[in-house]
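Below is one structure, written out as structure tokens; the observations come after it.
The values are calculated or read from the model by the stated rules, or taken from the named source; none is laboratory data. Note that the structure is a prediction, hence the values are computed from the model and not measured. A quick note on method: Cβ atoms are made from the backbone with ideal geometry, for glycine too, and the neighbour counts reach across all protein chains shown.
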Amino acid sequence: MEIYVDLKIYLILFALITWQMYTLLWATKVIAGLNASGLRLLTGALLGAVYGILADLASFDVIPGYRILHAWWMVIGISVTSFFLAFRGEKGRRFFAGLGYYYLLVFLSTGGAYALRNLLILTGVDPVVVNWAGPVASVVTILVAAELGWGVVQRWVWSHTVYLPLEIELLGKTARLTALLDTGNQLRDPLTAAPVIVVGGEAGRLLLPKEVWALLQAGGSLDLGALTESLSASPLAARFRLIPFTSLGKKQGLLPAFRPDKVTLFLRTEKIELPDAVVAFYGQPLSYDNSYQALLPPLLLHEAMGGWPLVAVESLRQRLVEPAVRQ
């Protein structure tokens with residue numbers, strides 16, 4: 001019996017499986033807080049899609065190797081390899097925790113896909129549509145499960161509306177950070193009244209002298225005497241500021257700050273310079289998962305964009321940020 005393979009159908013199926021695998025890896029990344037570029041996710045997704053097409057062709061005896069391609073060890077091997085290609089930079093507990101979330105989503109999405117496929121088969125739907133419905137049902141199941149369980153979709157919307165790439169230059173050193181557009185940041189430089197960008201965690205190590213960074217990492221109250229002494233022979237001394245702040249854990253505190261050479265905000269394809277900014281440094285991470293390393297006052301963006309309405313920022317925060325924080 002001759003078997004005809006419709007190339008267009010298999011190209012569509014390949015695209016659907018790639019979409020399915022990419023969504024699976026992307027949801028795993030967001031849930032587990034893993035690091036992976038879009039290219040890495042696509043690489044893992046393409047491996048899964050190639051395997052899916054080969055396994056389907058083997059099912060119809062178009063190519064040999066049905067037993068091997070459908071063996072349990074092959075299925076597990078391909079899935080683990082796809083995960084490794086996407087998240088090969090992760091190690092230890094983070095890697096295996098991510099792998100656990102990955103397989104949880106695999107089981108959920110496989111169940112959703114099989115349920116829809118069987119329903120369509122029972123109703124006599126064309127086999128081609130049945131094959132296409134599987135990846136679509138899988139994607140829907142992944143998104144619904146991830147959103148209900150971990151708020152993945154909301155976090156993605158949040159990260160693409162109030163997270164902005166920021167680049168700071170200070171005495172020849174450059175750091176590329178992710179900034180949270182934070183309406184709660186009302187800090188100003190007491191000398192110039194300039195708005196203050198707060199930089200936290202390891203980002204300070206990229207910009208500050210080792211001695212200053214060590215003092216910030218020491219914990220406890222800021223040792224102003226040691227800080228002044230460490231800056232005495234540095235060009236940073238002329239740029240030094242102390243920013244008073246109030247937080248829930250500390251009624252009154254001081255943040256060391258400096259006037260940078262340049263601060264650039266990347267808003268999609270546009271570069272916006274923030275000439276009036278002062279950068280303050282906090283020795284601890286600002287977010288538990290390091291999703292952002294700086295707090296950007298909306299006033300800076302408002303001024304740089306020539307009067308961008310601040311009400312839009314507040315509305316955005318109320319709709320996206322505050323519900324996410326309550327979770």
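Pick from Ala55, Ala49: which is within 21 Å of Ala15 (Cα to Cα), in contact with a Ser or Thr (Cβ under 9 Å, 6 or more places away or on another chain) and touching a residue at least 12 places away in the same chain (Cβ under 8 Å)? Show your work before the answer.
Working: Ala55 fails: in contact with a Ser or Thr (Cβ under 9 Å, 6 or more places away or on another chain).
Testing whether each residue is within 21 Å of Ala15 (Cα to Cα), in contact with a Ser or Thr (Cβ under 9 Å, 6 or more places away or on another chain) and touching a residue at least 12 places away in the same chain (Cβ under 8 Å) leaves just Ala49.
For the subset of the range 218-227 comprising residues that are assigned to a helix (DSSP H, G or I) and surrounded by 12 or more Cβ atoms within 10 Å (Cβ to Cβ), which member is modelled with the highest pLDDT?
That would be Ala226.
Here is a yes/no grid of residues against (1) surrounded by fewer than 12 Cβ atoms within 10 Å (Cβ to Cβ); (2) hydrophobic (A, V, I, L, M, F, W, C):
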site: Asp56; (1), (2): no, no
site: Phe60; (1), (2): yes, yes
site: Ile63; (1), (2): no, yes
site: Arg67; (1), (2): yes, no
site: Val75; (1), (2): no, yes
site: Tyr102; (1), (2): no, no
site: Ser109; (1), (2): no, no
* **Of all residues making up the range 228-269, the number that are modelled with pLDDT of 80 or more, small (Gly, Ala, Ser) and within 16 Å of Gln284 (Cα to Cα)** => 1
* **Near pairs, Cβ below 8 angstrom, 6+ apart or cross-chain, from the range 172-189 (of a type in the set (Ser, Thr, Tyr)) to any residue that is assigned to a strand (DSSP E or B) and at pLDDT 85 or above** => Thr174/Glu167; Thr174/Ile168; Thr178/Pro165; Thr178/Leu166; Thr178/Ala294
* Yes/no for Ser79 being part of a helix (DSSP H, G or I), modelled with pLDDT of 85 or more and among the polar types (S, T, N, Q) -> yes
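From the list Ala194, Ala214, which residue is out of contact with any helix residue (DSSP H, G or I) (no Cβ under 6 Å at 6 or more places or on another chain), at pLDDT 80 or above and within 29 Å of Pro298 (Cα to Cα)?
On the way: Ala214 fails: within 29 Å of Pro298 (Cα to Cα).
Being out of contact with any helix residue (DSSP H, G or I) (no Cβ under 6 Å at 6 or more places or on another chain), at pLDDT 80 or above and within 29 Å of Pro298 (Cα to Cα) holds for just one of Ala194, Ala214, which is Ala194.
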* Structure fact -> Among Leu24, Leu34, the single one that is crowded, with 17+ Cβ neighbours inside 10 Å and closer than 18 Å to Pro135 by Cα is Leu24
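Applying the selection to the range 1-32, what residues are of a type in the set (Gly, Ala, Ser) and either under 18 Å from Val80 (Cα atoms) or not assigned by TED's automatic domain parsing to the domain that holds Arg94 (or both)?
Ala27, Ala32
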